[in-house]
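**Student:** Following this message is one structure expressed as structure tokens.
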Ligand SMILES: NC(=O)c1ccc[n+]([C@@H]2O[C@H](COP(=O)([O-])OP(=O)(O)OC[C@H]3O[C@@H](n4cnc5c(N)ncnc54)[C@H](O)[C@@H]3O)[C@@H](O)[C@H]2O)c1
């Protein structure tokens, strides 16, 4: 298969930096654009060009497309904190929707034929039926989810009007880190449960909040479908290969394992893997948290040759822990 250079937006961030590694590992030429608002220069591997800039900078994009002969875009850049999107919706419609529109426009102008987009299970809102299929109603309950759904609409219309195909991947709960600890989640004050729990296990936090103990689930805490970030990155590369192989077909697929763990099950796994007992603070529910959010992943499994390698919860936790330790060394923490 011909492997045109790929531009990874947000490639200095958590998921984008894993996608860069997955592309490099499979022999794809790669470069990154990132404005480093939440990303880190150290997350971009040596030998990969980092353009420090914004995805709405049309002149910079035109230069990158020409200089690097870009043949595909993997678009991770965005703002990702759901509660912040409720307080500051225009930031999300700006950074996630309007700036992605500018990026798509630049891509169309330059004739970039393939586009892969980080979408989210938040596009479903509170699903009535679980597991959730791609055809389930899309009813986001926050501006974050809506900003991503609007981007999916833009891509669908653009692919109908221009010679571009796209893949929207709707991620469930992304967790873990590169098995070789080359990158991981580095954002300070992150809110993802597994990240927060390993921080607590390493003494970087005092406790972990458990938000809601009266959900309609076996132990009363919320159930989520945690996907290892390296399996997710692999899915992106396979999706890209599918777009290249069939340039008139676009795809929208859930990314999850199709099974869920409760908050308490996750914390038990962290206790088990770290051999500590994390302090759990039982609190009330947060607004808008569904009982369970689990993917139906039959579409991605029947469309791509995707075989997850790191689905084991203890493995996910172990990799997150190894990265958290490495991050402590990078930052010179005790
Ligand atoms: N983490 C999850 O569980 C999850 C779930 C569903 C979807 N997603 C999506 O995956 C993508 C990546 O998320 P992440 O968790 O890696 O977040 P992240 O904050 O670690 O990464 C985002 C990256 O984009 C960069 N960026 C942001 N705005 C930019 C702009 N205007 N121009 C250039 N660079 C910009 C940031 O500096 C950062 O490096 C996001 O689009 C997010 O919505 C994440």
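The values are calculated or read from the model by the stated rules, or taken from the named source; none is laboratory data. Values in this document were obtained by computation on a predicted structure and should not be read as measured data. When we count neighbours, we look across all protein chains shown, and the Cβ atoms used for this are built from the backbone with ideal geometry, even at glycine.
**Student:** Taking the condition outside the structural domain of residue 19 (by TED's automatic domain parsing) and surrounded by 19 or more Cβ atoms within 10 Å (Cβ to Cβ), does residue 211 pass? Talk me through it step by step, then tell me what you get.
**Tutor:** Details: outside the structural domain of residue 19 (by TED's automatic domain parsing): yes; surrounded by 19 or more Cβ atoms within 10 Å (Cβ to Cβ): no.
No, not satisfied.
**Student:** Continuing with this model, one more query. When you go through 238, 293, 264 one by one, which is the residue that is within 25 Å of residue 24 (Cα to Cα), surrounded by 16 or more Cβ atoms within 10 Å (Cβ to Cβ) and under 24 Å from the mean Cα position of the chain (by Cα)? Break it down stepwise before answering.
**Tutor:** On the way: 293 fails: within 25 Å of residue 24 (Cα to Cα); 264 fails: within 25 Å of residue 24 (Cα to Cα).
Going through 238, 293, 264 in turn, the sole match is 238.
**Student:** Between 223, 210, which is closer than 22 Å to residue 309 by Cα and in contact with a strand residue (DSSP E or B) (Cβ under 7 Å, 6 or more places away or on another chain)? Before you say what the answer is, go through the steps one by one.
**Tutor:** Values: 210 fails: closer than 22 Å to residue 309 by Cα.
After applying the criteria, what remains is 223.
**Student:** Only one of (1) out of contact with any strand residue (DSSP E or B) (no Cβ under 8 Å at 6 or more places or on another chain); (2) in the same structural domain as residue 240 (by TED's automatic domain parsing); (3) buried (at least 20 other Cβ atoms within 10 Å of the Cβ) is not met by residue 139, so which one is it?
**Tutor:** Exception for residue 139: condition (3).
**Student:** So, of the residues in region 287-334 that are touching a helix residue (DSSP H, G or I) at 6+ places or on another chain (Cβ under 9 Å) and assigned to a strand (DSSP E or B), which turns out to be nearest to residue 167 (Cα to Cα)?
**Tutor:** Per the criteria, the residue is 295.
**Student:** List every residue pair whose Cβ atoms lie under 7 Å apart, where the two residues are 6 or more positions apart in sequence or sit on different chains, the first residue falls within region 107-132 and is over 20 Å from residue 144 (Cβ atoms), and the second residue, located anywhere, is near the ligand (Cβ under 9 Å from one of its atoms) and part of a strand (DSSP E or B).
**Tutor:** Close Cβ pairs satisfying both conditions: 115/75.
**Student:** Starting from residues that are buried (at least 22 other Cβ atoms within 10 Å of the Cβ) and in a loop (DSSP other than H, G, I, E, B), keep the ones in region 173-185 and report whichever is farthest from the chain's Cα centre (by Cα).
**Tutor:** That would be 183.
**Student:** Taking residue 128, is it surrounded by fewer than 16 Cβ atoms within 10 Å (Cβ to Cβ), assigned by TED's automatic domain parsing to the domain that holds residue 153 and modelled with pLDDT under 95? So that I can check it myself, show each step before the final result.
**Tutor:** Working: surrounded by fewer than 16 Cβ atoms within 10 Å (Cβ to Cβ): yes; assigned by TED's automatic domain parsing to the domain that holds residue 153: yes; modelled with pLDDT under 95: yes.
Yes, satisfied.
**Student:** When you look at residue 4, is it more than 21 Å from the chain's Cα centre (by Cα) and away from the ligand (no atom under 12 Å from the Cβ), yes or no?
**Tutor:** Details: more than 21 Å from the chain's Cα centre (by Cα): yes; away from the ligand (no atom under 12 Å from the Cβ): yes.
It is true that residue 4 is more than 21 Å from the chain's Cα centre (by Cα) and away from the ligand (no atom under 12 Å from the Cβ).
**Student:** Tell me, yes or no, whether region 304-323 has at least one residue that is within 30 Å of residue 158 (Cα to Cα), under 23 Å from the mean Cα position of the chain (by Cα) and surrounded by 13 or more Cβ atoms within 10 Å (Cβ to Cβ). Break it down into steps so the answer makes sense when it comes.
**Tutor:** Of region 304-323, the ones within 30 Å of residue 158 (Cα to Cα) are 304-306.
Within this subset, residues satisfying the condition of being under 23 Å from the mean Cα position of the chain (by Cα) are 304-306.
Filter once more, keeping what is surrounded by 13 or more Cβ atoms within 10 Å (Cβ to Cβ): 304, 306.
Taking every residue of region 304-323 in turn, at least one turns out to be within 30 Å of residue 158 (Cα to Cα), under 23 Å from the mean Cα position of the chain (by Cα) and surrounded by 13 or more Cβ atoms within 10 Å (Cβ to Cβ).
**Student:** Does residue 145 satisfy the condition of being within 15 Å of the ligand (Cβ to nearest atom), part of a helix (DSSP H, G or I) and in contact with a strand residue (DSSP E or B) (Cβ under 9 Å, 6 or more places away or on another chain)? Lay out the reasoning, then the answer.
**Tutor:** Working: within 15 Å of the ligand (Cβ to nearest atom): yes; part of a helix (DSSP H, G or I): yes; in contact with a strand residue (DSSP E or B) (Cβ under 9 Å, 6 or more places away or on another chain): yes.
Here the answer is yes, as residue 145 does meet what is asked.
**Student:** Among 244, 237, which is the only one that is modelled with pLDDT of 95 or more and either in contact with a helix residue (DSSP H, G or I) (Cβ under 7 Å, 6 or more places away or on another chain) or part of a loop (DSSP other than H, G, I, E, B) (or both)?
**Tutor:** Just one listed residue meets the conditions, 237.
**Student:** Please list, ordered by residue number, the strands (runs of 3 or more DSSP E) wholly in region 37-139 having 2 or more residues that are within 19 Å of residue 173 (Cβ to Cβ) and within 14 Å of the ligand (Cβ to nearest atom). Step through it out loud before you land on a result.
**Tutor:** Working: elements: 49-52, 72-75, 114-120.
Of the strands (runs of 3 or more DSSP E) lying wholly inside region 37-139, those with at least 2 residues that are within 19 Å of residue 173 (Cβ to Cβ) and within 14 Å of the ligand (Cβ to nearest atom) span 114-120.
**Student:** I would also like to ask the following. Return the total of residues in region 7-36 being near the ligand (Cβ under 8 Å from one of its atoms) and free of Cβ contacts under 8 Å to residues at least 12 places away in the same chain. So that I can check it myself, show each step before the final result.
**Tutor:** Going through region 7-36, the residues near the ligand (Cβ under 8 Å from one of its atoms) turn out to be 9-17, 33-36.
Right, trim to free of Cβ contacts under 8 Å to residues at least 12 places away in the same chain and you get none.
Total satisfying the criteria: 0.
**Student:** Follow-up. Among residues belonging to region 148-172 that are surrounded by fewer than 22 Cβ atoms within 10 Å (Cβ to Cβ) and within 14 Å of the chain's Cα centre (by Cα), point out the one that is farthest from the ligand (Cβ to nearest atom).
**Tutor:** Among residues in region 148-172 that are surrounded by fewer than 22 Cβ atoms within 10 Å (Cβ to Cβ) and within 14 Å of the chain's Cα centre (by Cα), the one farthest from the ligand (Cβ to nearest atom) is 169.
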